[in-house]
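Colleague: Mind having a look at this structure? Questions to follow.
Computed from the coordinates by the stated procedures, all read-outs in this text should not be read as laboratory data. Keep in mind that what you see is a predicted model, and the values were worked out from it rather than measured. Cβ: placed from backbone, ideal geometry, glycine included. Neighbour counts: every protein chain shown.
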Amino acid sequence: QNIIEVPLSYHRQWRPHYATYVLFQHNGTTHFIRLHRYGSRYFYSDGLKEFRRTHGIDDNVILRFFGGDKNTTFEVDVIGPIFGQRRPRSVLTTRRHIFTVDVIKHMMQQSLPLVLPPTASSFLFGSQKIIPVQRGYGKCRQWKITMHDVVPSVAQPWSQYLSENNLMPGDEVMFFFRFDKHVWEVVFRKEVIWDDEDLFH
């Protein structure tokens with residue numbers, strides 16, 4: 001999910017006057033990130049998806065935040081990727097991000113197939129008609145490739161994946177290639193829906 005819980009140290013600095021927004025700075029750009037409250041817990045939330053997309057930040061990285069006392073502006077340092085490996089050289093050749101899909105209302109209503117972007121062609125070999133897909137620690141499944149308007153696509157398996165995981169507009173699905181297993185890996189992130197009472201006013 002596109003949320004990060006506010007560390008305890010910043011509760012001590014900010015309480016009881018929490019900021020509505022904080023600033024994340026990385027590689028010369030600044031991003032406005034909205035804070036939300038859930039019970040007694042506070043989270044960085046709105047704006048994180050755009051922050052990740054802008055800087056190509058995927059899973060298996062560490063984010064380090066640097067901010068002074070009472071500060072709401074953070075320098076963000078990205079460390080990684082890490083993937084349970086001891087040697088960084090092995091990490092870089094194990095898992096690579098291919099593309100990300102935003103689930104939209106139009107896609108759900110009309111059961112549209114997943115059109116594979118050009119970046120996916122590098123991970124389709126020869127006349128391959130099947131994509132081996134690993135979902136978490138579950139069994140590897142075969143997703144059949146079909147043609148949709150002369151473009152490689154995935155139809156029924158994609159619709160089934162959306163349904164089985166109860167994905168809704170606003171969620172996102174990320175595709176990775178696992179070089180160690182020679183399969184695609186699919187991971188989804190659910191959009192967090194905040195109640196009005198949890199928002200800052």
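Colleague: Kirkwood Rh, Cα Rg: Rg to Rh for the stretch 95-189? Could you put the intermediate results ahead of the total?
Modeller: Working: Rg = 12.7 Å, Rh = 13.6 Å.
That ratio equals 0.93.
Colleague: What FRET efficiency do you get for residue 75 and residue 40 if R0 is 30 Å and r is their Cβ-Cβ distance, rounded to the nearest 0.05?
Modeller: Details: r = 27 Å, r/R0 = 0.92.
Taking R0 as 30 Å, the efficiency between residue 75 and residue 40 is 0.65.
Colleague: Taking the beta-carbon count within 10 Å as an exposure proxy, list 159, 9 from fewest neighbours to most.
Modeller: Numbers: 159 16, 9 11.
Placing the least packed residue first, the sequence is 9, 159.
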